[in-house]
Structure formats: structure tokens, C-alpha cells
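Note sheet for the following structure.
The values are calculated or read from the model by the stated rules, or taken from the named source; none is laboratory data. Since the model is a prediction, treat every value here as computed from it, not as a measurement. Backbone-built Cβ (ideal geometry, glycine too); neighbour counts: all protein chains shown. Please note that ligands, DNA and RNA were not included when accessible areas were found on the heavy atoms of the full protein model with its side chains. Shrake-Rupley method; radii C 1.70, N 1.55, O 1.52, S 1.80 Å.
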Amino acid sequence: MSVMVDIRSVHKSFGSLEVLKGIDLEVRTGQVTVVLGPSGSGKSTLLRTINHLEKVDHGAISVDGTLIGYRRSGDKLHELPEREVLKQRTRIGFVFQNFNLFPHLTVLDNVIEAPVSALRRPRKEAVETARRLLDRVGLADKTDAYPRQLSGGQQQRVAIARALALEPKLLLFDEPTSALDPELVGEVLDVLRDLAHQGTTMIVVTHEIGFAREVADTVVFMDGGRIVEQGTPADVLDNPQHDRTRAFLSKVL
Amino acid sequence: MSSDTLAKIPAAPEMPERADSLRIVPQRRFGQWGAAVVVLVLLGLVVNSVLRNRAFQWDVVADYFTSDSVLRGLWLTLWLTAVVMVLGFALGTLLAAFRLSANPVLRAVSWGYVWLFRSIPILVQLLLWFNIGALYPELFGVRTVNLLGPVEVAIVGLTLHEAAYAAEVVRGGILSVDRGQIEAAQALGLSRWRRRRRIVLPQAMRSIVPPAGNMLIGTLKGTSIVSVIAVNDLLFSAQLIYHRTYQVIPLLMVATLWYTVVTSVLGIGQYYVEKHYARGSERAR
């Protein structure tokens, strides 16, 4: 199995606060990686470095064999112009905790925006793809609604369809269910589960331990800007080796 | 507490046996009625005195309301307002972009511009531009007085003034857009231009339109200040007539009525523009 995401000795500070203190992580193609950890552990920041929404201070990240955000010459990494970074991002889908749908555009326009303007797809083709994706997340009847007319769960499903519209090689989820009312969490997790079964490579930052146990190939536990341990759900969730993992799990389970 | 102790607590003495037979009488607001009557009477007195005061000379107002020179003045006021708004907001948007840019030099220049042009009263500025020939007798090899006539001075002065305020309005609008919107657009690979044009600006417009409408009306009336440098606007046209006929009040009424009419039309326009940019803002039905 090939490596989709390769993260090597990534460091990141905000001012004097070091949030990532040397992260090494490999994600294989077609696998689901769930990242757990207390808030402030750096898991969201790590996810955001993978599509260069955060620049790293040190280290390197590659996705599908391409260095993200930089060009290497010798022992130097030169920052890429924004144009190039934007092109790289179209291969990586990102789903936000707060959905971040565009409120002034209809559901359909939200989904076709990137394919039409970033990938230069013909509008007609983009609309067909969008309808198919919205049908897949169970929202075929909401194409003309505006985001604020939808429930949180529906909005997040639109956001997933919007990310899928770019046909990404990798999907990143930043606490996709944390902003949802409890009864709406299930419908979003159903979509994630469906994507996982179809062999989508995904990295999911979440607090849903049940989802991790059921769907993840690898569970990564982060604390204090470091990966404390990683392994199969059975290893990390049922037989944790570190005190910090045990302490965290005892609070959330 | 068990349910039978609860039952023994007596209800309030006024509590009826059957509450569904009671009628609710709203509180009487005598003060409100009294205040309304007083205000209406006062208003009636004012309207009566205006209509019966012959010095208003409403017949003269009617004569001049659509006279050629007044309409020419009105036309100048309208296009001057339009030109100043368009140029002022174009420059203001540029200044707002400078102010929000990552480049500290551009930020400082924008800040300095807004500081300077908000500090100088527009009347002082117009007089300065009007006399710029004293500083620079020639511009681009042309005599300054020939290059900058009263109308050009009015456009330059009002635009520079307008831009300082427009810059703050546009900047406020852009800052009102949630940071997550820009991140989402970046994550989707939208170009910088597309993000601004398609994502940020339409959402910023919701905060920009109300103060911009205010500025448009302010500018319309503010153009009357150019009468001091003899630009033939609505007010100056009225003044030219009353300097000749001494019918000061009726001609000021002509100008007053026209300003009111145009302001009302602009207010209606603003309503529809706001409605357009409110797309998608209504909550779930």
C-alpha cells in the first residue's frame, strides 16, 4: 500500500507557544486515520498544515508524492507562490468544524464554485456532478436552498459534498460533528462511514470514540503538541500504553 | 415533598376556580394618548403657519421649480454626486485594500491618507484646491487655472474627501466577513481575485450598503458647498436667481424641495439594494 500523506518532524509555533513539537506521521492510501486528543493538543493545527492553511516552521509534508507548500532545492525549501499552493489544495478536501458554507450562495452554487472557478470545469458538467454528490449525502431536494435554511447536520453534509466536488485524493475533517446538536451527529458520521467503506483516504480529527473504534484503521493520540501513541483502534483505545492516553480515554469514554 | 403536602399549600386568594372564564383587559395608556394629541396640535400649528405665511411665496416657488436654470443646476448636482461617489468609492476601496494588506508601508500610507483627509474640513479643502495655482502655477506644462476650473476643483476636492470616509466603510465591511469564509475559499483553491470578488465582497456589501447610502445622501447635499467656488449646482442656480430678483425664500424653497425629492428617491433605491444583498440571510422556515 502506498503512502498518501507523509509528515516529517513538523514544528509549528504561534508566537512563543509551540503547538506542534515534532510530528512524524504516515497515512497510507485508502486508510482512515482518526486523531484524538484533548483540546489544545495541536490536532487541528496539524490537520491545517497538511493543506498549508498553516505554514510549518520546520519539517516537511508531502501528499501523494508531492511536497506541500514548498519546492526543494538541495537542503532548502522555497515557499511556493500562492497560485501553486491553491492548485495543490484542489487535490485535498477540507471539512471545517463550523461548515463555512458560503451563506450568500445556494447549496448548488456552493458545491460547483470550486470546480467551475478553480478547475475550470464546464458549468453543466459541474452541476451534474454536484447533483450526484448531493444525492449521495441525501440532500438532492435542497439544491436551491440557502445554507441558513438548513440544519447543522444538513449544512455539514453540503460541506462534505462541496469538498468531494473537487475529486480530492485525500479528505481532511476538522471536528466535523463538534458544532452539531447531538441528534444530528449520526447523519454526518453515516456519510463519513460511507466514504470510508469506499476506500477514501481520510484523516479525521474528532471526539467521537465510537466512530474511531468502528471505522478507523489507525488511531493517533496527541497531547501537548506530540503524538503520544498510535496504532489500531484495539491497541490505542482498549489497551493504551501511556498514562496520558489512559487518562484522556477515562474522561471521554 | 409528597404530592399531598403540595396540594395543601393554599392558592393566592384572588385565584379563581376556573381561569378560562376570565377576560384580560390591556393596560390603559392615557399618557401616550395625551402626548400624541399635544404633538399633533403643535405640528398642525407649524403646517398652518407655513401654508398661510405669504412670504413663502408658493406661487414663485411653482414658477421656478422647473425653470431651465434650476433644472440645469439640479443636473449638475446629480452628476457631480454620481462622479464623486464612484471615484470616491473606487479610491476608498483601494485605500481599504492597502489598509488590510500585509505590507506595512501600504498600511501606513492608507492610515495617513484617512487621517489627513478626515482632518481637513471640506470647505477649507475646496478653497485650497481652488487656489492651488498659487503653489503650482503650472501643472504638466499647462497653466493650473486652465487645468483646474471650478468644476474640476469640486470633483477633486469632494472625491478626496469622500474616499477617506469610503475607505473606512469598505474596511469595516470586509472585516465583518467571517475569517472562516476566506479559509474555506482558500481550502477550495479559489484564486485571490475570485475570493474577493465572489466570496468576501458580496458578504461585505451587507455591512457596506447602509453607511454607503448614508454617504450618498450626505454627498448629494454636501455638493451644495461647491456654490462657494461658483460651481453652477442646484443651490448656486437658485442663488443666481434670487440675487437678481430678491425672492430669497421661495428660491431656497425650490432648492430645498428638490434636495428632498432626490433624497427620497435614493432612500427607496437603497431599500432594494439592501434586499438584494440580504440573499440567504433569512433563517430556516
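Just a few scattered comments:
- Single residue of the range B:175-216 satisfying the filter (open to solvent by 50 Å² or more (accessible area, probe 1.4 Å) and at the interface with chain A (Cβ under 9 Å from one of its Cβ atoms)) that is nearest to B:THR81 (Cα to Cα): B:ARG206
- Of all residues in the range A:16-30, those satisfying the criterion of being in contact (Cβ under 8 Å) with a residue 12 or more places away in the chain and not β-branched (Val, Ile, Thr) are A:GLU18, A:LEU20, A:LYS21, A:GLY22, A:ASP24, A:LEU25, A:GLU26, A:ARG28, A:GLY30.
- As a summary of the residue check, B:VAL84 satisfies the conditions (1) open to solvent by 20 Å² or more (accessible area, probe 1.4 Å); (2) at pLDDT 95 or above except for the one numbered (1).
For (1) over 20 Å from B:TRP258 (Cα atoms); (2) of a type in the set (S, T, N, Q); (3) modelled with pLDDT under 95; (4) exposed (fewer than 15 other Cβ atoms within 10 Å of the Cβ), each residue gets a yes or a no:
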| residue | (1), (2), (3), (4) |
| --- | --- |
| B:VAL39 | yes, no, no, yes |
| B:SER49 | yes, yes, yes, yes |
| B:ARG54 | yes, no, yes, yes |
| B:VAL61 | no, no, yes, no |
| B:TYR64 | no, no, yes, no |
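- Taken together, the criteria place A:GLU18 among residues that are in a strand (DSSP E or B), open to solvent by 10 Å² or more (accessible area, probe 1.4 Å) and within 21 Å of A:ARG226 (Cα to Cα).
- Highlighted here are the helices (runs of 4 or more DSSP H) found entirely within the range B:21-137 that include at least 2 residues which are in contact with a helix residue (DSSP H, G or I) (Cβ under 7 Å, 6 or more places away or on another chain) and closer than 27 Å to B:ARG197 by Cα: B:68-100, B:104-119.
- The criterion of at least 2 residues that are under 30 Å from B:PHE130 (Cβ atoms) is met, among helices (runs of 4 or more DSSP H) falling completely within the range B:141-227, by B:144-147, B:150-175, B:201-222.
- Count of residues meeting criterion [touching a strand residue (DSSP E or B) at 6+ places or on another chain (Cβ under 6 Å) and either open to solvent by less than 70 Å² (accessible area, probe 1.4 Å) or closer than 21 Å to A:SER117 by Cα (or both)] in the range A:68-77: 2
Rundown of residues vs (1) under 25 Å from the mean Cα position of the chain (by Cα); (2) among the small types (Gly, Ala, Ser), yes/no style:
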{"position": "B:GLU162", "(1), (2)": "yes, no"}
{"position": "B:SER176", "(1), (2)": "yes, yes"}
{"position": "B:ARG179", "(1), (2)": "no, no"}
{"position": "B:ILE182", "(1), (2)": "no, no"}
{"position": "B:ALA187", "(1), (2)": "no, yes"}
{"position": "B:ALA212", "(1), (2)": "yes, yes"}
{"position": "B:GLN239", "(1), (2)": "no, no"}
{"position": "B:ARG244", "(1), (2)": "no, no"}
{"position": "B:VAL262", "(1), (2)": "yes, no"}
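- B:VAL254 part of a helix (DSSP H, G or I), open to solvent by less than 40 Å² (accessible area, probe 1.4 Å) and without any contact (Cβ under 8 Å) to a residue 40 or more places away in the chain: no
- Subset of the range A:46-61 that is within 13 Å of another protein chain (Cβ to nearest Cβ) and open to solvent by 10 Å² or more (accessible area, probe 1.4 Å) - its residue that is farthest from the chain's Cα centre (by Cα): A:LYS55
- Among residues of the range B:73-87 that are at positive phi, none has a Cβ under 7 angstrom from a residue that is open to solvent by 50 Å² or more (accessible area, probe 1.4 Å) and among the aromatic types (Phe, Trp, Tyr) at a sequence gap of 6+ or on a separate chain.
- Condition met for B:VAL231 (assigned to a helix (DSSP H, G or I), of a type in the set (A, V, I, L, M, F, W, C) and buried (at least 21 other Cβ atoms within 10 Å of the Cβ)): no
- Residue in the range A:2-9 that is over 30 Å from A:ARG132 (Cα atoms), crowded, with 22+ Cβ neighbours inside 10 Å and at pLDDT 95 or above present: yes
- Test result for A:ARG83, more than 12 Å from every other protein chain (Cβ to nearest Cβ), over 21 Å from A:THR45 (Cβ atoms) and more than 19 Å from the chain's Cα centre (by Cα): no
- Meets criteria (more than 8 Å from every other protein chain (Cβ to nearest Cβ) and either closer than 29 Å to A:PHE14 by Cα or at pLDDT below 95 (or both)) for A:HIS104: no
- Any pair with Cβ under 7 angstrom, 6 or more apart, that starts in the range B:1-26 at a residue that is modelled with pLDDT of 70 or more and ends at one that is open to solvent by less than 90 Å² (accessible area, probe 1.4 Å): B:LEU22/B:PRO16
- Taken together, the criteria place A:ASP64 among residues that are more than 11 Å from chain B (Cβ to nearest Cβ), open to solvent by 20 Å² or more (accessible area, probe 1.4 Å) and among the acidic types (Asp, Glu).
- Every residue from the range B:117-156 that is free of Cβ contacts under 8 Å to residues at least 60 places away in the same chain and under 19 Å from B:THR81 (Cβ atoms): B:PHE117, B:GLN125, B:TRP129, B:GLY149, B:GLU152, B:VAL156
- Yes/no for A:ASN110 being in contact with a helix residue (DSSP H, G or I) (Cβ under 6 Å, 6 or more places away or on another chain), within 16 Å of B:SER191 (Cα to Cα), modelled with pLDDT of 95 or more and not aliphatic (A, V, I, L, M): yes
- Residues satisfying the stated conditions in the range A:107-159, i.e. of a type outside the set (A, V, I, L, M), within 10 Å of chain B (Cβ to nearest Cβ) and open to solvent by less than 10 Å² (accessible area, probe 1.4 Å): A:ASN110, A:GLU113, A:PRO115, A:PRO147
- Condition met for B:GLY92 (touching a Ser or Thr at 6+ places or on another chain (Cβ under 6 Å), under 14 Å from B:LEU158 (Cα atoms) and either open to solvent by 80 Å² or more (accessible area, probe 1.4 Å) or touching a residue at least 24 places away in the same chain (Cβ under 8 Å) (or both)): no
- Meets criteria (in a loop (DSSP other than H, G, I, E, B), in contact with a Leu (Cβ under 9 Å, 6 or more places away or on another chain) and over 22 Å from B:VAL254 (Cα atoms)) for B:PRO16: yes
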